[in-house]
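**Student:** My structure is below; once you've seen it, I'll send some questions.
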Amino acid sequence: MTFSDKWQWLGLPVLVGVLALGIGTASGDDTAGAEAPAGMLAFMAGDVASCPPGWRIAQETTGRLVVGVTSSDAVGKLIGTALTNQEDRTHQHSFQTSADLPYKSISAANGGNGQGASAARYTDSGNTEPAPSGLPFVQLVGCVKQ
Amino acid sequence: MIPVACSPLRGLLIATGLSGLLSCNPPASAIDAATMDDGGSEPVVDLATPLDLNAPVGDSLPKLAVAFFQRKDCPKGWQPLAMAAGRTLVATVGSDPIDIASGEPLMEGEDRAHGHAVMTNFNLSTVSYAGIAGEANHGLARGGSQALAGKTNSVPIGLPYVQLLVCSKLDEPDPRLRPVAKGTLVFFRSPDCPKGFVQAGGSQGRLIIGVPELATPGQKFGGLPLKSGEKRLHHHALSGSITTSSHGIALASGSGASGYAKNDKHPYQVDTVDEPSSFPYLQLLHCQKE
């Protein structure tokens, strides 16, 4: 191997490194050099009250769950009213009930003693008591990589 | 010199003064991926392909990470995670399996509604007549325990959410990039947390809510943590009354014929039948950066 050949192999890594720097800065990829891609949401452990440098508070998650979508048009849409601190959101229903009371025969004609109830279908309606979903929650700081 | 000309490198070779020292010999993988230029005699390295392993692209998150994104497309090295579409993510408890989905996924913008059935028996107080039971008159109702049935209307459980893109990472992390900050929580489609992460404790079996304004993070509330794949149920208490109409009988009140329903307002109290709380989720391992 000649002196010139040795220099060829020493020089190659240098060139590759120079090229790498150029590619990294010129690629236009917004994720280059970052610990996480831009726009990524990460929640922080319960004892962390702020976002790391380079991340912003995810206002869009304040008081909300996050649901995944794979359609770009659906990204960022808010559904429902945000929860307050430790709010276990309740809901209630209206209801309708009915009872079909069967007859019990008696050996008598109809008459004036109205103490008994008529055999018939009866209905009722109203509202249930409010109740929470029963689901368990934890509220955490959400951060978005800038 | 090895007679391989890498056209895009030539300018740099000249500019750096290394043109006399280097022969532009790409690695085998690069040659495999190279395309031929118009002359058909020289392979041309496509610098847009990830041939140069020194280029700092991507991120430091481990492979199989799953995350939500406030952006239109998944980043490079990530792809949409279809099985998480229409679902929130819930941290597995202990060594519970991953990729367990519960409930039907939400449609875009859907505020999933549910209703409950009502089924119970209620008690009707009774009256008696000075006569005998028989087959002559079927106008009176039987007293005692009777069936009551019904249903509620359908309403949402009212949990608010934001829709974000969900992606899973396919590429290996770039080890030269700094790691995410200590305390960062990341979901993984993996049975174990990657090196540098430990399984998160506070989120296991719970739905995660972005901390509300002026609230303390880390607070847990609501029900007990979900078991693997559990569809959490709930019900409602309700009360009402059945008000009967009278049926007149030509007998005096007495003790001969008994067990007839009293014409009255008969109250009842009952719990609706349990129904799932209808918030679909996918359970994944939740890991915390050490």
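**Student:** Describe numerically, in nm with one decimal, the distance between label points set 7 Å from Cα along Cα→Cβ at B:S258 and at B:H138.
**Tutor:** According to this spin-label approximation, the distance is 2.6 nm.
**Student:** A further question follows. Taking amide H atoms as placed 1.01 Å from N in the peptide plane, list the residues 5 or more away in sequence, or in a different chain, whose amide H sits under 5 Å from that of B:L148.
**Tutor:** Placed amide hydrogens put B:T120, B:N121, B:F122 under 5 Å from B:L148.
**Student:** With +1 on each Lys and Arg Cβ and -1 on each Asp and Glu Cβ, and nothing else charged, work out how big the dipole of segment A:50-146 is about its Cα centre, in Debye to the nearest 20.
**Tutor:** Computed charge dipole of segment A:50-146: roughly 200 debye.
**Student:** Another question, if that's okay. What do you get when you divide the Cα radius of gyration of segment B:200-244 by 2.2 N^0.38 Å, with N the number of residues?
**Tutor:** Taking N as the residue count of segment B:200-244, the ratio is 1.86.
**Student:** Any idea how far the Cα center of segment B:190-220 sits from the one of segment B:257-274, in Å?
**Tutor:** 49 Å
**Student:** Right, next: Going through the cross-link list A:K145/B:K63; A:K77/B:K220; A:K77/B:K72; A:K145/B:K76; A:K145/B:K72; B:K182/B:K220, which pairs have a Cα-Cα distance over 24 Å in this structure? Please list the in-between numbers first.
**Tutor:** Details: A:K145/B:K63 18 Å; A:K77/B:K220 26 Å; A:K77/B:K72 12 Å; A:K145/B:K76 15 Å; A:K145/B:K72 14 Å; B:K182/B:K220 21 Å.
Among A:K145/B:K63; A:K77/B:K220; A:K77/B:K72; A:K145/B:K76; A:K145/B:K72; B:K182/B:K220, the Cα-Cα distance tops 24 Å for A:K77/B:K220.
**Student:** Another question, then. Put +1 on the Cβ of each Lys and Arg and -1 on the Cβ of each Asp and Glu in segment A:29-109; which of A:M44, A:G68, A:Q92 then has its Cα farthest toward the positive end of the dipole?
**Tutor:** Most positive-ward Cα: A:Q92.
**Student:** Take B:E172 and A:Q146, extend 7 Å from each Cα along the Cα→Cβ direction, and tell me the distance between the two endpoints in nm.
**Tutor:** 3.3 nm
**Student:** Please work out how much length the chain gains when fully extended from B:L214 to B:Q269, using 0.36 nm per residue of separation minus the C-alpha to C-alpha distance, in nm with one decimal.
**Tutor:** On the way: separation 55, 0.36 × 55 = 19.80 nm, distance 4.00 nm.
Contour length minus Cα-Cα distance gives 15.8 nm.
**Student:** Among all the lysines, which ones have a C-alpha under 23 Å from B:K151's C-alpha, if same-chain residues fewer than 8 places away are not counted?
**Tutor:** B:K231, B:K265
**Student:** Work out Dmax and Rg for segment A:65-126 from the C-alpha atoms and quote the Rg first, both in angstrom.
**Tutor:** Radius of gyration, then largest Cα-Cα span, for segment A:65-126: 26.7, 76 Å.
**Student:** I've got another one for you. Given a Förster distance of 25 Å, report the FRET efficiency between B:N123 and B:K151 from their Cβ-Cβ distance, rounded to the nearest 0.05.
**Tutor:** 0.70
Every number in this text was worked out from the coordinates using simple rules, so none of it is lab data. Treat the numbers as computed from the prediction; the structure is a model and nothing was measured. FYI the Cβ positions are ideal-geometry reconstructions off the backbone, even for glycines, and counts take in every protein chain you see.
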